[in-house]
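A short write-up of the structure that comes next.
Taken together, the values in this text are just the output of simple stated rules run on the coordinates, not laboratory data. Because the structure is a prediction, the values reported are computed rather than measured. Glycine gets a Cβ as well: all are built from the backbone with ideal geometry, and neighbour counts include every protein chain shown.
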Amino acid sequence: MAIHINLHKTHRQYTEGKESVDVAGRTVGECLKDLIRQYPPLEKEVFGKNGKLSGIVEVYLNGATAYPDELAKPVKDGDTIQLVYFLAGG
Amino acid sequence: MIPEIGEAGQEKLKKAKVLVAGAGGLGSPICIYLAAAGVGTIRLVDQDTVDLSNLNRQVLHGQGDIQRPKVQSARDRLTSLNDTVTIEIHQQTISEESIDGLVESCDAIVDALDNISTRYMLNKAAITHQLPFFHGAVRGFEGRAMTIIPGRTPCLRCMYHGDVPKEKFPVIGVAPAVIGSIQSTEVIKYLIGTGDLLTDRMLIYDGMSMEFKEFKVSKNPQCDHCGEKMEK
């Protein structure tokens, strides 16, 4: 069992085209760290300069928003984290 | 007559005044379908003039409108579609100074903007004035939409967790056509008082995979627009 991270298409260029990556961790933050351990170029896409989640990435846990403090949210095997790219055009 | 609307519903549409913020990719289908539905007054705000590069998606405007103010071009198009609808036009930027005047006497605010900072300004005005806010945004083949009812549902700012850098968003015209049509549907339902609104959930559309996904959205207690950190 693992936690699954579904990636936005913008991020798949860093995961050899994979739409979903299995990771390990006890929190959303640990899972994202494990994702970046597997695919280091994703770090600058997912996190800002201060180590916080990037303003242009949204995190949903099992189909629902995970704020506030998304990165501290506990996860369990079988959970799904969805990374969504922020859209602002019109 | 559509049974969900009826004569009473059509009267409600006729009496309504809707602010549409933006006469571009999203604003085009939104205005066209609101005017076609018989929404009595559309107050349209946009500071820009029509450019050739707009025409792949901004179907309110044509080649003959290049260099004209978008609001004028839009008014002509909408009036030719339905001359019983009043089109109020404002060629100006939306700012902290102008926002209260622009939303005054409106029944709803529709987001057809191309940047996030002005969206937050509209979001805050919607909460201040207790007006429904119909969010939409696009990029490439993708889009998203959510309806916000102040005091009852999460707002756009609830989702904020950091600044979004300014950038140009390339868009294929069918993406705002899909999202703008969804926003218009929501406005019509709200004004009539029928159906289930797209509240408490973000609808995300991907035209490339032709998928719609829905994510549950909760109120953020730390939101500085509608939560405990609300600026008075």
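Out of all the residues in segment B:133-158, which are surrounded by fewer than 20 Cβ atoms within 10 Å (Cβ to Cβ) and touching a Ser or Thr at 6+ places or on another chain (Cβ under 8 Å)?
Across segment B:133-158, the qualifying residues are B:ILE149, B:ARG152.
Can you tell me which residues in segment B:155-174 are at the interface with chain A (Cβ under 7 Å from one of its Cβ atoms) and either touching a His at 6+ places or on another chain (Cβ under 6 Å) or closer than 26 Å to B:GLY227 by Cα (or both)?
B:MET159, B:HIS161, B:GLY162, B:ASP163, B:VAL164
Anything in segment B:21-44 that is within 14 Å of chain A (Cβ to nearest Cβ) and either small (Gly, Ala, Ser) or on the phi > 0 side of the Ramachandran plot (or both)? List them, or say none.
Answer for segment B:21-44, where residues must be within 14 Å of chain A (Cβ to nearest Cβ) and either small (Gly, Ala, Ser) or on the phi > 0 side of the Ramachandran plot (or both): B:ALA21, B:GLY22, B:ALA23, B:GLY24, B:GLY25, B:GLY27, B:SER28.
As an exercise: evaluate A:GLU16 against (1) in contact (Cβ under 8 Å) with a residue 12 or more places away in the chain; (2) within 26 Å of B:PHE141 (Cβ to Cβ) and give the number of the one condition it does not meet.
Condition not satisfied by A:GLU16: (1).
Criterion first (free of Cβ contacts under 8 Å to residues at least 12 places away in the same chain and more than 27 Å from B:GLU167 (Cβ to Cβ)) does B:ASP100 satisfy it?
No: the conditions fail for B:ASP100.
Could you count how many residues in segment B:107-132 are crowded, with 22+ Cβ neighbours inside 10 Å, more than 14 Å from chain A (Cβ to nearest Cβ) and either aromatic (Phe, Trp, Tyr) or assigned to a loop (DSSP other than H, G, I, E, B) (or both)?
Residues flagged as crowded, with 22+ Cβ neighbours inside 10 Å, more than 14 Å from chain A (Cβ to nearest Cβ) and either aromatic (Phe, Trp, Tyr) or assigned to a loop (DSSP other than H, G, I, E, B) (or both) within segment B:107-132 amount to 1.
Against the conditions (1) charged (D, E, K, R); (2) touching a residue at least 24 places away in the same chain (Cβ under 8 Å); (3) within 25 Å of B:ALA175 (Cβ to Cβ), where does B:ASP51 fall short? Just the number, please.
(2)
Find the strands (runs of 3 or more DSSP E) located wholly in chain A whose residues include 1 or more that are within 10 Å of chain B (Cβ to nearest Cβ) and within 11 Å of the chain's Cα centre (by Cα), and list them.
Working: elements: A:3-6, A:20-23, A:57-61, A:80-85.
Answer list for chain A: A:3-6, A:57-61, A:80-85.
Go through segment B:133-154 and give me each residue that's away from chain A (no Cβ under 12 Å) and over 11 Å from the mean Cα position of the chain (by Cα).
Of segment B:133-154, the ones away from chain A (no Cβ under 12 Å) are B:133-134, B:147-153.
Scanning segment B:133-154 gives B:ILE148, B:ILE149, B:PRO150, B:GLY151, B:ARG152, B:THR153.
Kindly provide the set of residues from segment B:177-229 that are more than 10 Å from chain A (Cβ to nearest Cβ), touching a residue at least 24 places away in the same chain (Cβ under 8 Å) and exposed (fewer than 15 other Cβ atoms within 10 Å of the Cβ), ordered by number.
Those that are more than 10 Å from chain A (Cβ to nearest Cβ), touching a residue at least 24 places away in the same chain (Cβ under 8 Å) and exposed (fewer than 15 other Cβ atoms within 10 Å of the Cβ): B:GLY193, B:GLY195.
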